[in-house]
Amino acid sequence: MTIYQKGYTHSGKFHADDVFSTAVLRLVNPDFTVERVFKVPEDTEDCIVYDIGGGMFDHHGVDVKFHENGRRYASFGLIWDKYGVMLSGSQRAFKRIEEKFVSVIDEADNGGEPDMISKVISSFNPAWDSNDDRDKAFSEAVDIAVNILSKTIEHEKAIERADSIVYQALEKMENKIVILDKFVPFSKLLTGTDAVYVIYPSLRGGYCVQGVPVEDESRDVKVPFPDSWRGLEEDDIESISGIKGMTFCHNSGFMASSDTLDTAVEIALKSMDYYKEK
């Protein structure tokens, strides 16, 4: 795989597409430099040219390529296709970043509704009546994009590590309750399983009992806690629930807490029994 030292992209107003394309190349090679031009020089044999010039990393020609979700590729997506697996560490993480992040920016650059990150990057352009250096502003935007993209990759790698832990806990599941030694992201992996509740140690002490969402990133859980428990704390919730050691129930019904692990399990079981009786 070619690791470029230098590249060319278009001059003038910049967008999230060319900024994040540069961010990818900077993550691949921290010494990568880019020159912004209105016309690509003839001798670019050892350089990468993107978002200009009609080459393989320019998306303005008649040959249109689409992501699996139907969004049209821009230069960011084309460059991510080349280096994304190497940067993200796995095909799975690569595809998730493409779906949720890269294709969104590509869509905005191709005339779709601008997402928030595209708007933020665009705001780095100097105002129409400003004498600020556009290349310097571009460089500042790239620094931000490098940070955003590297954090996005870092989080996806962390999810992969979390999945391994959740898989092991899922194998030990009893009564549709998964118990974790510590909190790790679990929603995406558990939504399609029989798991109903997840118990894990709370950073505040004691344990959290959290409902498994009906689908990833949804606020709706498979079995919410009873209405009569919600919003209550300490003595009130012990009295209403009949569970000694229960300390709190969120008013949306997705999470409760307890002093001990045994009490956490009791909360989960009693909540499921409540809905069976109904």
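Would region 222-244 turn up any residue that is closer than 20 Å to Val178 by Cα, among the aliphatic types (A, V, I, L, M) and under 31 Å from the mean Cα position of the chain (by Cα)?
The answer is yes, given that some residue of region 222-244 is closer than 20 Å to Val178 by Cα, among the aliphatic types (A, V, I, L, M) and under 31 Å from the mean Cα position of the chain (by Cα).
Across region 129-143, which residue is modelled with the lowest pLDDT among those that are open to solvent by 60 Å² or more (accessible area, probe 1.4 Å) and more than 19 Å from Val37 (Cα to Cα)? Please lay out each step first, then the result.
Just the residues of region 129-143 that are open to solvent by 60 Å² or more (accessible area, probe 1.4 Å), to begin with: 129, 131-136, 140, 143.
The next check asks that each one be more than 19 Å from Val37 (Cα to Cα); those that pass are 129, 143.
On the way: Asp129: 94, Asp143: 98.
Here the answer is Asp129.
Conditions (1) over 22 Å from Arg219 (Cα atoms); (2) touching a Pro at 6+ places or on another chain (Cβ under 6 Å); (3) in a loop (DSSP other than H, G, I, E, B), marked per residue:
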| residue | (1), (2), (3) |
| --- | --- |
| Glu113 | yes, no, yes |
| Ser118 | yes, no, no |
| Ala141 | yes, no, no |
| Asn147 | yes, no, no |
| Ala162 | no, yes, no |
| Leu189 | no, no, no |
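Any residue in region 204-227 that's over 9 Å from Thr191 (Cβ atoms) and open to solvent by 50 Å² or more (accessible area, probe 1.4 Å): show its pairings with residues that are of a type outside the set (Ser, Thr, Tyr) and in a loop (DSSP other than H, G, I, E, B) at Cβ separation under 9 Å, as long as the two are six or more apart or on different chains.
Close Cβ pairs (under 9 Å, with a partner that is of a type outside the set (Ser, Thr, Tyr) and in a loop (DSSP other than H, G, I, E, B)) amount to Tyr207/Asp259; Arg219/Phe254; Asp220/Val214; Asp220/Phe254; Asp227/Gly253.
For region 144-166, which residues satisfy the criterion of being at pLDDT 95 or above and either in contact with an Asp or Glu (Cβ under 6 Å, 6 or more places away or on another chain) or open to solvent by 90 Å² or more (accessible area, probe 1.4 Å) (or both)?
Lys151, Glu154 - these are the residues of region 144-166 that are at pLDDT 95 or above and either in contact with an Asp or Glu (Cβ under 6 Å, 6 or more places away or on another chain) or open to solvent by 90 Å² or more (accessible area, probe 1.4 Å) (or both).
Quick one: in region 119-128, of everything that is surrounded by 13 or more Cβ atoms within 10 Å (Cβ to Cβ) and of a type outside the set (A, V, I, L, M, F, W, C), which residue is farthest from Arg92 (Cα to Cα)? Step through it out loud before you land on a result.
Residues of region 119-128 that are surrounded by 13 or more Cβ atoms within 10 Å (Cβ to Cβ), as a first pass: 120-122, 124-126.
Applying the additional criterion that residues be of a type outside the set (A, V, I, L, M, F, W, C) yields 122, 125-126.
Values: Ser122: 30, Asn125: 34, Pro126: 38 Å.
That would be Pro126.
As an exercise: evaluate Thr263 against (1) in a loop (DSSP other than H, G, I, E, B); (2) buried (at least 19 other Cβ atoms within 10 Å of the Cβ) and give the number of the one condition it does not meet.
All conditions pass for Thr263, except number (1).
Which members of region 1-44 meet the condition of being open to solvent by 20 Å² or more (accessible area, probe 1.4 Å), within 17 Å of Phe76 (Cβ to Cβ) and not in a strand (DSSP E or B)?
Tyr4, Lys13, His15, Arg26, Leu27, Val28
Return the residue satisfying two criteria in turn: it lies in region 45-80 and is under 22 Å from Thr152 (Cα atoms) and hydroxyl-bearing (Ser, Thr, Tyr), and of such residues it is most open to solvent (accessible area, probe 1.4 Å).
So the residue we want is Tyr73.
Collect the residues in region 100-111 that are open to solvent by 30 Å² or more (accessible area, probe 1.4 Å), without any contact (Cβ under 8 Å) to a residue 60 or more places away in the chain and not in a loop (DSSP other than H, G, I, E, B), keeping them in residue-number order.
Step one: list which residues in region 100-111 are open to solvent by 30 Å² or more (accessible area, probe 1.4 Å), which gives 100, 104, 107, 109-111.
Those still in the list that are without any contact (Cβ under 8 Å) to a residue 60 or more places away in the chain too: 100, 104, 107, 110-111.
Across region 100-111, the qualifying residues are Lys100, Val104, Glu107.
The values are calculated or read from the model by the stated rules, or taken from the named source; none is laboratory data. As the structure is a prediction and not an experimental result, all values here were calculated from the model. Heads up, the Cβs are rebuilt from the backbone with ideal geometry, glycines too, and the neighbour counts pull from every protein chain shown. Accessible surface areas use protein heavy atoms only, side chains included; no ligands, DNA or RNA. Shrake-Rupley method; radii C 1.70, N 1.55, O 1.52, S 1.80 Å.
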